[in-house]
Amino acid sequence: MKNYKLLLLLPLTFLLSRCGVNKQIEQAKALGKCRFELVSADSVYLSGINMNQFKDMDNVNIGSLPRLAMGLLSHNVPLDARLVLKITNPTAETAAINQFEYKVLLRNSEVFTGYVNQRVEVAPVGGQTRVPINITTNAYHLITDDQTREAFANLVQNLSGAKNAHRSVITIKIKPTLDLGNKAISYPGYITFDKEIGR
């Protein structure tokens, strides 16, 4: 009798997990149709120096610059920031993911990569949500590479709110992850959008 009950439960378990996977796929597809905006960037630190002081070059604390010089000498210039993405869902379906990988590019060079391991859900028909992303990277290669140095300097100034910096264009790529039982399956390809930063 126990074996008979077990045989009846197996197809039911399979059907329920299949329904859950199909729901995740539909929600991820809806997410791919959402609009993404970078609405803010704050808490920007380069080698532990708060970049807000660079909004006005007359008020720069010269005493903090040796930390940046030491970072350059040791090839370790940590850049930390907090980005906030706004996601708007124009579809009639709920858009959601359980976690996602992200990449932030500047002039086709990766600046930040990482994962957000939290469920993000956006209600249908104009629903919005904001997702904070804490990012960190070693900016040494961006500062020392002739191809990215100027663009990186402008990006840091724009993130800190400087008024006279040239606008920066960054590319943000997001790859959702679906849960399939005990396995995590990556969404095929990236959801990609460009964002201009600056005044």
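The values are calculated or read from the model by the stated rules, or taken from the named source; none is laboratory data. Remember, predicted model here, so these are calculated numbers, not experimental data. Note that we place each Cβ from the backbone using ideal geometry, even for glycine, and neighbour counts take in every protein chain shown.
Restricting attention to the range 50-65, does a residue exist that is acidic (Asp, Glu) and either at pLDDT 80 or above or in contact with a Lys or Arg (Cβ under 6 Å, 6 or more places away or on another chain) (or both)? Looking through the range 50-65, none of the residues is acidic (Asp, Glu) and either at pLDDT 80 or above or in contact with a Lys or Arg (Cβ under 6 Å, 6 or more places away or on another chain) (or both). For residue 110, are the conditions met, namely being touching a Ser or Thr at 6+ places or on another chain (Cβ under 8 Å) and either surrounded by 15 or more Cβ atoms within 10 Å (Cβ to Cβ) or closer than 25 Å to residue 44 by Cβ (or both)? Against the criterion (touching a Ser or Thr at 6+ places or on another chain (Cβ under 8 Å) and either surrounded by 15 or more Cβ atoms within 10 Å (Cβ to Cβ) or closer than 25 Å to residue 44 by Cβ (or both)), residue 110 does not qualify.
Taking the range 121-152, which residues are small (Gly, Ala, Ser) and either buried (at least 17 other Cβ atoms within 10 Å of the Cβ) or in contact with a strand residue (DSSP E or B) (Cβ under 6 Å, 6 or more places away or on another chain) (or both)?
127, 139, 151, listed by residue number.
Among the residues of this structure, residue 37 does not count as one that is outside any helix (DSSP H, G or I), of a type outside the set (A, V, I, L, M), within 30 Å of residue 123 (Cα to Cα) and modelled with pLDDT of 85 or more.
Only residues that are in contact (Cβ under 8 Å) with a residue 24 or more places away in the chain and either in a loop (DSSP other than H, G, I, E, B) or of a type in the set (Lys, Arg) (or both) were counted across the range 170-190, and they come to 5. For residue 44, state whether it is modelled with pLDDT of 80 or more and within 25 Å of the chain's Cα centre (by Cα). Yes: the conditions hold for residue 44.
Scanning the range 153-163 for residues that are among the aliphatic types (A, V, I, L, M) and touching a strand residue (DSSP E or B) at 6+ places or on another chain (Cβ under 8 Å), which turns out farthest from residue 28 (Cα to Cα)?
That would be 156.
The residue that is modelled with the lowest pLDDT, among those in the range 17-34 that are aliphatic (A, V, I, L, M) and over 15 Å from the mean Cα position of the chain (by Cα), is 21.
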